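Have a look at the structure below, then the notes.
The values are calculated or read from the model by the stated rules, or taken from the named source; none is laboratory data. All values reported here derive from a predicted model rather than from experimental measurement. Cβ placement follows ideal geometry from the backbone for every residue including glycine, while neighbour counts extend to all protein chains displayed.
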Amino acid sequence: MAATSRPKITGVRQFLGLEQQRDWIEGKIDLPDTVDRLESMEQRFKYVARFEKLLRRPQAKEVLEILALYGPSCIPIPRKTERYYWSVSCLPSTSDKPLIRVNASWMELFTLYAQDEDIRARFIVHLSDFTTDRSATPSRVDEPFLEQSVAMPEDVSYFFPRGADIFGINVRSAVSIRKFLINSRVLRGIRTFNLTHMNRGRNAYQASHCYSVGDYMQAD
């Protein structure tokens, strides 16, 4: 009899078992990461000028502080998976003019924009993690929860991108973004969505990864 081939393991499943992933989503474990980063100096130098331009923006301090919170909290084993399973672009040349954008596979995960002297964020998550009944039903969005997850209720809004069980959340002001990112239910939703796409295979945006920004997203 011909030997049956095993299905190919893709994404971060190569490094983390499903139980480890579930426990990390729930905040039950800290995942051991590699000490050293696999880094391309050519890739780092490619985006140094953009990073220096970002540093001259009035929002730079807030952006880097938010990324220092987002990276270790929302990306599993960020050193081991950097660039190849997630990436961060610095001042990407897209029509919406973001300051930074984090991607995995073919999907946007997190974007920061200038809002006058402050910043605003866009999170892409699963709709079912932010409804009252855990369904992917737009009319069931848990609006009171979203409003309680930020500093001021008017700081949060939402939209429905194309795709099944996809939800977009806009959060205005660095203060509200910080509060949003430390909410346990929010964090579970972000982690779940990020893992969904990091498990789909190699990141399609490797060529735009900015190591200088990535420096701020690594766990201590």
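Quick notes on this one:
- Candidates Gln20, Gln59 - the one that is touching a residue at least 60 places away in the same chain (Cβ under 8 Å), surrounded by 14 or more Cβ atoms within 10 Å (Cβ to Cβ) and of a type in the set (S, T, N, Q): Gln59
- When region 183-220 is filtered for residues that are farther than 17 Å from Gln21 by Cβ, polar (S, T, N, Q) and not in a helix (DSSP H, G or I), the ones remaining, listed by number, are Asn183, Asn203, Gln218.
- Subset of region 158-178 [loosely packed, with under 13 Cβ neighbours inside 10 Å and hydroxyl-bearing (Ser, Thr, Tyr)]: none
- Checking Phe45 against (1) within 30 Å of Arg185 (Cβ to Cβ); (2) modelled with pLDDT of 90 or more, the condition it does not meet: (1)
- Selection status of Asp133, in contact with a strand residue (DSSP E or B) (Cβ under 9 Å, 6 or more places away or on another chain) and either closer than 17 Å to Arg191 by Cα or surrounded by fewer than 19 Cβ atoms within 10 Å (Cβ to Cβ) (or both): no
- Taken together, Glu147, Glu154 contain a single residue that is touching a helix residue (DSSP H, G or I) at 6+ places or on another chain (Cβ under 7 Å), farther than 30 Å from Thr10 by Cα and exposed (fewer than 15 other Cβ atoms within 10 Å of the Cβ), which is Glu147.
- Residue that is farthest from Pro144 (Cα to Cα), among those in region 84-133 that are touching a His at 6+ places or on another chain (Cβ under 6 Å) and assigned to a strand (DSSP E or B): Ser87
- Residue count for region 70-111, restricted to those that are surrounded by fewer than 24 Cβ atoms within 10 Å (Cβ to Cβ), within 11 Å of the chain's Cα centre (by Cα) and among the aliphatic types (A, V, I, L, M): 1.
- Scanning region 28-56 for residues that are touching a Leu at 6+ places or on another chain (Cβ under 7 Å), surrounded by 15 or more Cβ atoms within 10 Å (Cβ to Cβ) and not aliphatic (A, V, I, L, M) returns a single hit, Arg50.
- Close pairs (8 angstrom Cβ cut-off, 6 or more residues apart or separate chains): in contact (Cβ under 8 Å) with a residue 24 or more places away in the chain in region 80-91, assigned to a strand (DSSP E or B) and among the small types (Gly, Ala, Ser) anywhere: Tyr85/Ala104; Trp86/Ala104; Ser87/Ala104
- Residue count for region 118-163 satisfying the condition of being without any contact (Cβ under 8 Å) to a residue 40 or more places away in the chain and basic (Lys, Arg): 3.
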